[in-house]
Each structure stands twice: as C-alpha cells, then as structure tokens.
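**Student:** Below you will find the structure I want to go over with you.
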Amino acid sequence: MNKKIRVLIAKPGLDGHDRGALVIAQALRDAGMEVIYTGLRQSPKQIVRAALQEDVDAIGLSCLSGAHNVLFPEVLRLLKEEKAEDIIVFGGGVIPYHDAVALEEKGIKKIFTPGTSTKAVAAFVEQAVYENLGLKKELLQPPTGVDHIGIAVHSIEQAMTFYGDHLHLKAEATVEVPSEGVRVAFVPVGNTKLELLEPLNEESPVAAFLKKRGEGIHHVAFSTGSLEERLEQLKKEGIPVITDKPKTGAGGYPIAFLHPKASNGVLVELCDPKQKEEGVKS
Ligand code: B12
C-alpha cells in the first residue's frame, strides 16, 4: 500500500506532560508516517483547525492531566460540526480503564495507556487508516465468540463419566490428530463446546502439559474471521505467536495459537470455524 499516512499528534488543554506525545510522534514517523505535532496547550478548536489544514487521516490526542473526558469528546464534536468525522481520532495518556471504554463508545477509535508498546500504536494506526479508506480487511474487531475451551485429560472416557453422567452432555465422535499427538473429543455446550484433549504419546505437547500442570484448562479458542491477516496484524503489534501460519485443527477449520505470555498465562487459540462451514480449505 503506497499511501503515506498523515497524523496530527495533539496536546489538548493545560497539560504540560509531553514525553508520551513525543514518543508516539517519533514511533509513527519511524513507521513511515508523516506526523505533525501541535505542541503543548492547544484548544480543541485549534486542534481541529490544524487537522483540517494539514489534511490528516488521523488525530492522536495525548492527555495526562485528567481532563480527557471533556477535551476528547469536544474534538469529536467539532470534527462533526466541520463534517470531518471521517478523520480517525485515537488517544492516550493517564486515562482510567472505564473512562477509556466510555470514550471509545463515544467515537474515539482507541485509547492507549502507560506501558503501551509504540509498535502496537503504529500497527493500529496503519490498520485503522487503511480500513477507513476501504483499502484493507477489517481486523480491528473483537472475536465473535468462544468457539471452545480445551481441557487436558489423561483419558477422554474417564472424563466423560463426569461430563456425560452428571452434566448429561454428549461427546461427538473422537478424532485423532497424530501431528499434535492427541485424541480429541468435542462436547457441545450451548453455543460453544469443550474440547477434551488426551495425549496419544509421551511426545505430545498435551502430555508435557499434564506432567507440568496436571489435568485442567489447556486453552481458550476464540472465533475470528480473516485468520491469516489477523495473525499478521498481531505480529506487527508485537504479540508473540506459537503458530506462524494458520493450520487445520481437529475441528477441520484453520487455527493458530498465541503465546501465553501475551495473554496473562492463558494459551489463546484463534480459529475460523466459518471456513469449515463454507468448505474453504486453509
Ligand atoms: C514525568 C512526569 C512529570 C514531568 C513532565 C515532564 C514532561 N515534559 O513531560 C513534570 C515533573 C514536569 C510533571 C509535572 C506535573 N505532574 Co506529572 N508525571 C510525570 C510522570 C512521573 C511520568 C510521565 C511520563 O513522562 N511518562 C513517560 C511517557 C513516555 O509515558 P506516557 O506519557 O504515559 O505515554 C505513554 C502512554 O500513556 C501512551 N500515550 C501518551 N500520550 C499518547 C498519545 C497518543 C496519541 C497515544 C496513541 C498514546 C499516548 O503512550 C505512551 C507510550 O507508552 C507521571 C506518572 C506516571 N507514571 O505516568 C506523572 C503524572 C502524569 N503527573 C501528575 C501530576 C499531578 C503532575 C503535576 C500536576 C504535579 C504538580 N502538582 O505540579 C504537574 C503538572 C505539570 C503540567 N504543567 O501539566 C499525575 C497526573 C494525575 C492524573 N492525571 O490524575 C501523574 C499521573 C503522577 C501521579 N501518579 O499522580 N510530571
């Protein structure tokens, strides 16, 4: 994609903390974007005027003073007044989580807080601008559901004495996945399912898991579309992955694993069950 992305980084209000804004401006420049920095103490009006004059694709607001709940929506309001709502507004600074959620509901595309990796911000801005221009698939969406929860067990038959006899669930046919060294039984539960994982041999990653942690939750699998592109986007954002390219899982649709250090110790699987329904090969 050849379009040079133009971003205005702005400091609204009386806040004098400029290090975060400068760090982000530099990171976006390093990622190949054209960045204009407003300097300190700008009113929302000045920011919107600068954004229109500079014909930017996005405005990044930085606020560490606590005035974000007033200043950020005012920028959105003025953009609307100017019929320039197509300019993406994102932001960051010392902003409590629930304020960030509320601001995102009001139309701020994303809020980044202290500790944010600059790589993640640059990857987000690039994706958001290209999506906005209709030049890229939409990836900045949450997963559509929990496809299944993987549970490591010594024996599927033994595990079914609880899930079958007491919770009255029924396991589907057992499938062997020799490449992963596991026998798998899916157990449908409402809109989701359990995936009971039994090791086929000592070399199986599930055997190693059982040895280290014992029986229990092994992974959580989220359903998402565009798995390959999403995996590339996550890598750009700095998320470590276990599966470099999607592969076909026990359910017959593409799957990929992210490293648990990215997700508070939980092994996360992303999968695209629609690819099976539509009969598309991964
Ligand atoms: C350094 C600092 C100062 C320096 C500022 C130097 C400067 N030129 O920036 C000085 C000493 C001047 C200062 C002064 C004050 N400070 Co001060 N300061 C800090 C401190 C310790 C670190 C901020 C910092 O530079 N972090 C490093 C940068 C790189 O991180 P960052 O700004 O958070 O940016 C990251 C993210 O937030 C995000 N981000 C930030 N902006 C943007 C923008 C976009 C578009 C995006 C995508 C992301 C993004 O990405 C960045 C990279 O990860 C924080 C405490 C803290 N730990 O955050 C308090 C803090 C921000 N200060 C605070 C206060 C109260 C003040 C004073 C009012 C103190 C006083 N009574 O005088 C004054 C106000 C000065 C003013 N005129 O506004 C409070 C704010 C409280 C609040 N908001 O509720 C804090 C949180 C301390 C605290 N715990 O109470 N401060």
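The values are calculated or read from the model by the stated rules, or taken from the named source; none is laboratory data. None of the values given here were measured: they were computed from a predicted structure. Quick reminder, even Gly has a Cβ in these numbers, built from the backbone with ideal geometry, and neighbours come from all protein chains shown. Quick note on the areas: whole protein, heavy atoms, side chains included, nothing else; ligands and nucleic acids left out. Shrake-Rupley method; radii C 1.70, N 1.55, O 1.52, S 1.80 Å.
**Student:** Suppose accessible area is computed on protein heavy atoms with a 1.4 Å probe; arrange Phe112, Phe90 from highest to lowest.
**Tutor:** Largest accessible area first, the residues go Phe112, Phe90.
**Student:** What are the ³J(HN,Hα) values, in whole Hz, obtained from phi via the Karplus relation 6.51 cos²θ - 1.76 cosθ + 1.60 with θ = phi - 60°, for each residue of the range 258-264 in sequence order, with x given for Gly and Pro?
**Tutor:** Taking θ as phi minus 60°, the curve returns 9, 6, x, 5, 7, 9, 6 Hz for the range 258-264.
**Student:** May I pose another question? Per DSSP H run of at least 4 residues, take -39500 (n - 2.57); add these up for the chain, divide by its residues and hand me the 222 nm value, nearest 500 deg cm²/dmol.
**Tutor:** -10000 deg cm²/dmol
**Student:** Among the aspartates and glutamates, select those whose C-alpha is under 17 Å from the C-alpha of Lys245, and discard any that sit fewer than 8 residues away in the same chain.
**Tutor:** Within reach: Glu180, Glu228, Glu229, Glu232, Glu237, Glu269, Asp272.
**Student:** Where does helix 97-106 land angle-wise versus the long Cα axis of the chain, in degrees 0 to 90, nearest 10?
**Tutor:** Helix 97-106 sits at roughly 70 degrees to that axis.
**Student:** Then there is this: What relative contact order, as a whole-number percentage, does the range 59-132 give when Cα pairs under 8 Å and 6 or more residues apart are counted?
**Tutor:** Relative contact order here is 33 percent.
**Student:** So which aspartates and glutamates can Lys211 reach, going by Cα to Cα under 13 Å and dropping same-chain residues fewer than 8 places off?
**Tutor:** Here the aspartates and glutamates satisfying the reach criterion relative to Lys211 are Glu198, Glu202, Glu203.
**Student:** Same structure, new question: Determine the relative contact order of the range 44-199: mean sequence separation of Cα pairs under 8 Å and six or more apart, normalised by residue count, in whole percent.
**Tutor:** Rounded, it is 16 percent for the range 44-199.
**Student:** Ranking request for peptides 7-15, 30-38, 212-220, 161-169: highest mean number of other beta-carbon atoms within 10 Å first, then the rest in descending order.
**Tutor:** Put in order of decreasing packing, that is 7-15, 30-38, 212-220, 161-169.
**Student:** Kindly flag which residue pairs out of Lys4/Lys80; Lys45/Lys83; Lys170/Lys193; Lys110/Lys274 have an alpha-carbon separation exceeding 18 Å in this structure.
**Tutor:** Pairs exceeding 18 Å: Lys4/Lys80; Lys110/Lys274.
**Student:** Helix 44-54 against the longest principal axis of the chain: what's the angle in degrees, Cα atoms only, rounded to the nearest 10?
**Tutor:** Taking Cα atoms only, the helix is inclined about 90 degrees.
**Student:** Considering amide H positions built from the backbone, and no H for Pro or chain starts, which residues 5 or more places from Gly145, or on another chain, come under 5 Å of its amide H?
**Tutor:** When sequence neighbours closer than 5 places are left aside, the close amide H contacts are Ser223.
**Student:** Where in the range 219-282 are there GluC sites (Glu not before Pro) that are in a DSSP coil and have at most 14 other Cβ atoms within 10 angstrom of their Cβ?
**Tutor:** Sites meeting the loop and neighbour criteria: Glu278.
**Student:** How many nm separate the modelled label positions at Lys274 and Gln46, each set 7 Å beyond the Cα in the direction of the Cβ?
**Tutor:** 4.6 nm
**Student:** Any idea what Rg and Dmax come out to for the range 145-277 if you just take the C-alpha atoms, in Å?
**Tutor:** When restricted to the Cα atoms of the range 145-277, Rg and Dmax are 14.6, 46 Å.
**Student:** List every residue whose amide H lies under 5 Å from the amide H of Lys110, counting only residues 5 or more places away in sequence or on a different chain, with H placed 1.01 Å from N in the peptide plane.
**Tutor:** The list, which skips near neighbours in sequence, is Gly91.
**Student:** Can you bin every Cα-Cα distance in the range 1-98 into 10 Å intervals starting at zero and give me the percent of pairs per bin, rounded to whole numbers?
**Tutor:** Pair shares across the bins are 17, 52, 28, 3.
**Student:** In Å², what does the accessible area per residue of the chain work out to with a 1.4 Å probe?
**Tutor:** Value returned for the chain: 53 Å² of accessible area per residue.
**Student:** Calculate what fraction, in whole %, of the accessible area of the range 81-237 sits on carbon and sulfur atoms when a 1.4 Å probe is rolled over the protein chains.
**Tutor:** Answer for the range 81-237: carbon and sulfur cover 54 percent of the accessible area.
**Student:** Taking each pair of distinct Cα atoms in the range 97-216 once, what is the resulting Kirkwood hydrodynamic radius in Å?
**Tutor:** Taking every pair of different Cα atoms in the range 97-216, averaging 1/r and inverting gives 18.0 Å.
**Student:** Measuring from the lowest to the highest alpha carbon on each principal axis, how far does the chain reach, largest first, in angstroms?
**Tutor:** Here the Cα extents, ordered largest to smallest, are 68, 36, 32 Å.
**Student:** Further, regarding this structure: Percent relative contact order of the chain, based on C-alpha pairs within less than 8 angstrom and at least six residues apart?
**Tutor:** 13 percent
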